[in-house]
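Written out below as structure tokens is the structure these notes cover.
The values are calculated or read from the model by the stated rules, or taken from the named source; none is laboratory data. Just so it is clear, the model here is predicted, and its values are computed rather than measured. Cβ sites come from the backbone with ideal geometry, for glycine too, and all protein chains shown count toward neighbours. The area values use the complete protein model at the heavy-atom level, side chains included, leaving out ligands, DNA and RNA. Shrake-Rupley method; radii C 1.70, N 1.55, O 1.52, S 1.80 Å.
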Amino acid sequence: MARYYVLLGPPGAGKGTQARVVSEKLGLAHVSSGDLFRENLKNQTELGKLAQSYMNRGELVPDDVTIAMVRDRLQQPDTKNGALLDGFPRTPAQAEALGEMLSQLGAEVNGVPLISVPDEELVNRLSGRWTCRARGHVFHEKFNPPQKPGVCDFDQSELYQRDDDRAETVRTRISVYWNQTAPLIDYYRKCGKLVEIDGNQPIECVTRDLLAALQSE
Ligand code: ADP
Ligand code: ADP
């Protein structure tokens, strides 16, 4: 039976960092809506052009296009054992749509780890984040530095600082999280799916807690 987990948490909480390791350990596809949008942007698709202005402002891309993009992704063969969703859903409408998509696949959301980190720490994390051009691996100049500055350890591609990681955009993204995404915490808590994880500890400790939570499901 395919299993689906939603990683919830503010921008900079460590969702992408954890999703890469944990999805591989559990044999699940890593589905990151932010990575899908950035891929579309790089390829200058219609979807990428539409998403760009929202992303630059730190606002959410409209639900209808976001939902269609993820629906399509969840039909790809690499999701046959399930997926770890990173950055989706981010609104109540997206959460409803996810429930419907999965029920059409005869599946459901099996668990929702919430990675919590204080807001002031998020700003530190995002302002020092370096992202790889080729496949979106992330590093931090202090907390998780690459072996060679500016170069990805995994595929040697160039590391860059995302435009939306600038301090003023980060503040918008954090407030968008509290206004539009945080209602999902209660939504998933009410149906008994929420698992709280302390994200304010070293990367390996968060991974250990996440794996323990998901493997005890
Ligand atoms: P998200 O996907 O939730 O936005 P990322 O995984 O991209 O977050 O992490 C944001 C930044 O914080 C990256 O630079 C990453 O290297 C760093 N980071 C991730 N987890 C931790 C952690 N537990 N402690 C310190 N820094 C972290
Ligand atoms: P982070 O986790 O660091 O906030 P992401 O890479 O997940 O960043 O998202 C970057 C941007 O992509 C968001 O600020 C938003 O504009 C867009 N985006 C990503 N996922 C969604 C989503 N589920 N709904 C709407 N917009 C999204």
Per residue accessible area in Å² of the stretch 101-155, where ligands, DNA and RNA are left out and the probe is 1.4 Å: 53
Label-to-label distance, nm, for residues given as Thr45 and Ala68 (7 Å Cα→Cβ offset): 1.1
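I'd like the per residue volume of the convex hull spanned by the Cα atoms of the stretch 51-95, given in cubic angstrom. The partial results should precede the final answer.
Numbers: hull volume 3.7 nm³, N = 45.
Roughly 82 Å³ of hull volume per residue.
Calculate, in whole percent, how much of the Cα-Cα pair population of the chain lies beyond 26 Å.
Numbers: 7329 of 23436 pairs.
So the portion of pairs separated by more than 26 Å is 31 percent.
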Residues of type lysines that Lys142 reaches as a straight line, Cα spacing below 22 Å, ignoring anything fewer than 8 places off in the same chain: Lys15
Projected label distance in nm at Asn124 and Glu204, using a 7 Å step from Cα toward the beta-carbon: 2.0
Inter-site label distance for Gln215 and Gln104 at 7 Å from Cα along Cβ, in nm: 3.5
Cysteines without a disulfide-compatible neighbour (Cβ-Cβ under 4.7 Å), the chain: Cys191, Cys205
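For the chain, give the percent of accessible area contributed by carbon and sulfur heavy atoms, probe 1.4 Å, rounded to a whole number.
Values: 5390 of 10840 Å².
The computed percentage sits at 50.
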Centre separation in Å (Cα based) which lies between the stretch 78-128 and the stretch 170-217: 9
Accessible area (Å², per residue) of the stretch 12-63, counting only protein heavy atoms and a probe of 1.4 Å: 47
